[in-house]
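K.L.:
Supplied in structure tokens, the structure appears directly below.
The values are calculated or read from the model by the stated rules, or taken from the named source; none is laboratory data. Since we're looking at a predicted model, the values are computed, not measured. Counting neighbours? That spans all protein chains shown, and the Cβs are built from the backbone with ideal geometry, glycine included. With ligands, DNA and RNA removed, areas are computed over all heavy atoms of the protein, side chains included. Shrake-Rupley method; radii C 1.70, N 1.55, O 1.52, S 1.80 Å.
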Amino acid sequence: MVATVREILAGHEPFVLTAERPWDEGLWADLADAGLTGVGLPEEAGGSGGELADAVAVVRTLAAGAGAVPVAEQLLVAGPAVLAADLDLPAPEEPLTVALDGAVTAEPSDDGDGPGRFVLTGTATDVPWAGVARHVAVLAAPPAGIEGAVLAVVDAAGLDASRAVNLAGEPRGSLVLDGVGVPGALLPPAAVDLVRARAALARAVQISAALEQVLAWTVQYAGERVQFGRPLGKFQAIQVELAQMAGEVTATAALVDAAVQALDRGADTVVLAAAAAKVRAGEAVETVAKLAHQVHGAIGFTQEHRLHHLTRRCWSWRDEAGTELTWARTLGAGLVAAAPDDVWPAFTRVL
């Protein structure tokens, strides 16, 4: 499956995203034709089947190849959340994303269509692939006096989407919901936390894969670029920097893998594991991206070079789905609450 994704990616070189071309529609079409936009989602719900590990493998491969498509949002966050809420999954061929931020309220619908319908009002902000995704799983505030949140599936066709992008040029606009009637389900607080943790883990998976590719490119370049009569990789200072990068990449991969395994097992530590993975991944971005550009020198800063397609995404993903500070607070509070008299063993178990 990974080989198939790589083969498809080979026909779609990364490009600078613009208002005229905000995503790689051709790449999405090829992935959908191969059934890869439904991996990890059950066949009986319209997906392609497979395990969580399969979906993660697809997301990792696309992240390393700078694929400008909403596959991470669809396979790891929105799709599983919609199914867990017992809602109908939109056709996997139509891009599905998730909206977790903003001020959106949900009230039960009185249109006579029966239970499970809500009216959404407000603005969802920082929506990944806004204006591109056909469907959006929106997390909205529930009616007054009810805990948790309402997860609603919105058909975004015809909705106004503001033009906003992250540092990599990926769409991150807002969607205005003015009394939109949609199917939805009330989620308890624990389920809401899980959706947010999935979003954080999805970004950590992407960062981890991108940083691994950045490290591979940097090692390759250091072995090929000759300076003062020998390859850069023969200089001790460069070797130290490569070792630092490798340490950050390895630590990030270990925590991301642990979080994915916790999610796959349905462990009660999923939120804390995802928090640890997102914090570690975010911290690694600063070191790995900085040293990668330093080793590459001036060529690594040119728009024609491939490096920026990944480093700019990593810098963007670092601040999305919760920053290191946000998730560090979640991790600390969760560990203290779970084991107030035995924090250190609890902390190491999460890792």
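K.L.:
Which condition does Ala149 not pass, out of (1) closer than 20 Å to Pro95 by Cα; (2) crowded, with 19+ Cβ neighbours inside 10 Å; (3) among the aliphatic types (A, V, I, L, M); (4) at pLDDT 95 or above, if it passes all the others?
P.N.:
Unmet condition: (1).
K.L.:
A further question follows. Collect the residues in the range 299-336 that are among the charged types (D, E, K, R) and part of a helix (DSSP H, G or I), keeping them in residue-number order. Steps first, answer last, please.
P.N.:
In the first step, residues of the range 299-336 are kept if they are among the charged types (D, E, K, R); the result is 304, 306, 312-313, 318-320, 324, 329.
Once the filter is applied, which keeps residues that are among the charged types (D, E, K, R) and part of a helix (DSSP H, G or I), the range 299-336 yields Arg312, Arg313, Arg318, Glu324, Arg329.
K.L.:
Against the conditions (1) more than 21 Å from Arg196 (Cα to Cα); (2) touching a helix residue (DSSP H, G or I) at 6+ places or on another chain (Cβ under 8 Å); (3) open to solvent by 40 Å² or more (accessible area, probe 1.4 Å), where does Ala168 fall short? Just the number, please.
P.N.:
All conditions pass for Ala168, except number (3).
K.L.:
Further question on the same structure: Provide a single number: the residues in the range 271-311 that are hydroxyl-bearing (Ser, Thr, Tyr), closer than 24 Å to Leu325 by Cβ and surrounded by fewer than 21 Cβ atoms within 10 Å (Cβ to Cβ). If you could, list the steps in order and put the result at the bottom.
P.N.:
Residues of the range 271-311 hydroxyl-bearing (Ser, Thr, Tyr): 287, 302, 311.
Narrowing further to those that are closer than 24 Å to Leu325 by Cβ: 287, 311.
Adding the requirement that they be surrounded by fewer than 21 Cβ atoms within 10 Å (Cβ to Cβ) leaves 287.
Going through the range 271-311 one residue at a time, the tally reaches 1.
K.L.:
Right, something else. Test of understanding: among Ala210, Ala222, Ala243, which residue is within 20 Å of Leu307 (Cβ to Cβ), open to solvent by 50 Å² or more (accessible area, probe 1.4 Å) and in a helix (DSSP H, G or I)? Spell out how you get there, then give the answer.
P.N.:
Details: Ala210 fails: open to solvent by 50 Å² or more (accessible area, probe 1.4 Å); Ala222 fails: open to solvent by 50 Å² or more (accessible area, probe 1.4 Å).
Matching residue, one of Ala210, Ala222, Ala243: Ala243.
K.L.:
Please enumerate the residues belonging to the range 14-34 that are more than 20 Å from Gly173 (Cβ to Cβ), touching a His at 6+ places or on another chain (Cβ under 9 Å) and in contact (Cβ under 8 Å) with a residue 60 or more places away in the chain.
P.N.:
Within the range 14-34, the subset more than 20 Å from Gly173 (Cβ to Cβ) is 14, 26-27, 29-34.
Those left that are additionally touching a His at 6+ places or on another chain (Cβ under 9 Å): 14, 26-27, 30.
Answer for the range 14-34, where residues must be more than 20 Å from Gly173 (Cβ to Cβ), touching a His at 6+ places or on another chain (Cβ under 9 Å) and in contact (Cβ under 8 Å) with a residue 60 or more places away in the chain: just Pro14.
K.L.:
Please work out if Leu159 is on the phi < 0 side of the Ramachandran plot, modelled with pLDDT under 95 and either outside any helix (DSSP H, G or I) or surrounded by 21 or more Cβ atoms within 10 Å (Cβ to Cβ) (or both). First the steps, then the outcome.
P.N.:
Values: on the phi < 0 side of the Ramachandran plot: yes; modelled with pLDDT under 95: yes; either outside any helix (DSSP H, G or I) or surrounded by 21 or more Cβ atoms within 10 Å (Cβ to Cβ) (or both): yes.
Spelling it out, Leu159 is indeed on the phi < 0 side of the Ramachandran plot, modelled with pLDDT under 95 and either outside any helix (DSSP H, G or I) or surrounded by 21 or more Cβ atoms within 10 Å (Cβ to Cβ) (or both).
K.L.:
How many of the residues in the range 123-134 are open to solvent by less than 20 Å² (accessible area, probe 1.4 Å), more than 10 Å from Ser162 (Cβ to Cβ) and assigned to a strand (DSSP E or B)? Show your work before the answer.
P.N.:
We begin by selecting, within the range 123-134, every residue open to solvent by less than 20 Å² (accessible area, probe 1.4 Å); these are 124, 127-130, 133.
Add one more test, that the residue is more than 10 Å from Ser162 (Cβ to Cβ), and what stays is 124, 128-129, 133.
Now restrict to residues that are assigned to a strand (DSSP E or B): 124, 128.
Residues meeting the conditions: 2.
K.L.:
Looking at the range 245-271, I want the residues that are over 21 Å from Ala57 (Cβ atoms) and in contact (Cβ under 8 Å) with a residue 60 or more places away in the chain and have a partner that is part of a helix (DSSP H, G or I) and small (Gly, Ala, Ser) with Cβ atoms under 8 Å, at least 6 apart or on another chain. Which pairs are those?
P.N.:
Thr269/Ala262; Val271/Ala197; Val271/Gly334
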